[in-house]
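Below is one structure; the comments refer to it alone.
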Amino acid sequence: MNIKNMLPFLDEEEVDRLAMKIAVSPTGEFQGMILKEILPFASEEGVDKAMIHAAQNGKDVSSCFPFASEEGLSDLVRLAVSGEMQGVSLKALLPFVDDDTLKALAQKVIASNGDFQGITLASLFPFMDDDDVDRAFVAQVEKGDPSASSLAPFASEDAFHYLVKEYLSGKLEHFDLDAFYPFMDEDDLKTIFNKVIDDCDA
């Protein structure tokens, strides 16, 4: 009897049991089957559980990502961030996780001087909400982090407008305006120009 031939005829609960068998197996397979082969037949909940168990046993679970739930993927990220499992590629998870998890990762990156397990803010920004991108970018500029210039293409004009106002009020002396001109709108550039001219006339 070959269970692989039964796959199309099993219900989700049965496939979920099979997925768990594979996940906890030392070899990562059961009767010649690997997780990747049965994921389309399993439930989201079943994929989530098998993925977490397999990852905790040091197995590559990247094939699970498209079939897992947002909640399951976020749990996986939290476990990886907390150091409870090794070998999970956080970067490969980024397209699949929710906004709250991305925010938490951004905070971790900022707290880790711009790099956490190979993840930088620049690698997070394409997946983050626009407002969260602006907040993270402004935080980097306010800290005087030189890597902020690499994040500029992802920030909105509103973020630059705020930073220009802060700079002109004397709060951001370390803010290198010259590096950010290509990303500013016409009004901010005009404001800066007029400020320079007025200061020279004073």
(request) Output the helices (runs of 4 or more DSSP H) that fall wholly within the range 96-202 and possess 2 or more residues being crowded, with 16+ Cβ neighbours inside 10 Å and of a type in the set (Phe, Trp, Tyr), or say none. (result) 157-168
(request) Give the residue that is surrounded by the fewest Cβ atoms within 10 Å (Cβ to Cβ), with candidates limited to residues of the range 1-28 that are of a type in the set (D, E, K, R) and at pLDDT 90 or above. (result) Asp11
(message) Looking only at the range 19-39, how many residues end up being part of a helix (DSSP H, G or I) and under 13 Å from Cys64 (Cα atoms)?
(response) 9
(request) Hey, can you tell me all the residues within the range 61-77 that are part of a helix (DSSP H, G or I) and within 16 Å of Leu102 (Cα to Cα)? (result) Phe65, Glu70, Glu71, Gly72, Leu73, Ser74, Asp75, Leu76, Val77
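Suppose we filter Lys49, Lys108 for residues that are basic (Lys, Arg) and not assigned by TED's automatic domain parsing to the domain that holds Leu10; which single one remains? I'd like the intermediate steps shown before the answer.
Numbers: Lys49 fails: not assigned by TED's automatic domain parsing to the domain that holds Leu10.
None of the other options fit; the residue is Lys108.
The values are calculated or read from the model by the stated rules, or taken from the named source; none is laboratory data. In this text, all values refer to a predicted model and were calculated from it rather than measured experimentally. Virtual Cβ from ideal backbone geometry, glycine too; neighbours counted across all protein chains shown.
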